[in-house]
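Okay, structure first, notes after.
The values are calculated or read from the model by the stated rules, or taken from the named source; none is laboratory data. Computed from a prediction, not measured in an experiment: that's the story for all the values here. Here Cβ is always computed from backbone atoms with ideal geometry, including for glycine, and neighbour counts include all displayed protein chains.
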């Protein structure tokens, strides 16, 4: 179902003319962003299942390790949107409706952040569970950033400064977990692993914000300023994905390079088959990333995927 809201806007162009604009809003949440979130989660699961074998992580510890990296990835990408992409003031937009839209986004994000905080509590013991972490110092760092971030997300003030602390903690966690999986800080090997984890997190957590915050908040604020603000936030996320996607592919290929000489039978059986499975899921993500804006699947609100959709529907 589609409904429209007619508004008056004089800020579309540098003109004294007043224009009537109809913002079309679909009732249903677009399907492709949901698929993308599920696909990237399964891609991360395939990667963790493969690397866990080499780190001696088996049994129930493997899904727990995946949950640990998955939650930190969500926090990293989600708080990147909160701190970097979300802006209380946008150039050329009226501050009042823009401020209402941003405030509503922050309120909705607060609910999601509490769940992320609970997730961090669940994974706080993880550094002491996995033997490959090795250094007690690394384990303590990971425990402290988990506890600190969970406290801020669950009970801390919902201000930008606290979210910057959480974002910084997520970056520290990516660095520490990446170093632990390579047996300590080992130059290029560690850098590749950390970049891989960070790129996945930026995409995964950003996808969560889009689904849980941007889509419902945009639907509740069908006005021109909110649409443009939402479109600009989404565009900032897209630019990050444009860098994250090739980073995931490149770092993944570098990590898989040591297996290229193994026979075909290894690549078609467990655990080797997990690599082509993950590659297939990444290819699916590329297709979704290209398809979403083409079919206006980024948001149920017209103009967020492409602001020209609003401009084209304006009456002078």
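Evaluate the range 69-79: report whether one residue or more is assigned to a helix (DSSP H, G or I), in contact with a helix residue (DSSP H, G or I) (Cβ under 9 Å, 6 or more places away or on another chain), over 28 Å from residue 105 (Cα atoms) and touching a residue at least 40 places away in the same chain (Cβ under 8 Å). No, that holds for no residue. Of 36, 43, all but one fail to be at pLDDT below 95, part of a helix (DSSP H, G or I) and surrounded by 20 or more Cβ atoms within 10 Å (Cβ to Cβ); the exception is 36. Are any of the residues in the range 149-164 over 22 Å from residue 83 (Cβ atoms) and surrounded by 14 or more Cβ atoms within 10 Å (Cβ to Cβ)? No, because not a single residue in the range 149-164 is over 22 Å from residue 83 (Cβ atoms) and surrounded by 14 or more Cβ atoms within 10 Å (Cβ to Cβ).
Taking (1) surrounded by 18 or more Cβ atoms within 10 Å (Cβ to Cβ); (2) at pLDDT 95 or above in turn, residue 307 satisfies each apart from (2). It is to be established whether one or more residues within the range 160-182 are in contact with a helix residue (DSSP H, G or I) (Cβ under 7 Å, 6 or more places away or on another chain), under 21 Å from residue 56 (Cα atoms) and without any contact (Cβ under 8 Å) to a residue 12 or more places away in the chain. Yes - at least one qualifying residue is present in the range 160-182. Restricting attention to the range 80-101 and to residues that are outside any helix (DSSP H, G or I) and touching a residue at least 40 places away in the same chain (Cβ under 8 Å), the residue that is nearest to residue 217 (Cα to Cα) turns out to be 86.
Across the range 183-195, what is the total count of residues that are in a helix (DSSP H, G or I) and either without any contact (Cβ under 8 Å) to a residue 40 or more places away in the chain or farther than 17 Å from residue 255 by Cβ (or both)?
Residues of the range 183-195 that are in a helix (DSSP H, G or I), as a first pass: 188-195.
Pick out the ones that are also either without any contact (Cβ under 8 Å) to a residue 40 or more places away in the chain or farther than 17 Å from residue 255 by Cβ (or both) and you get 188-191, 194.
Number satisfying all stated conditions: 5.
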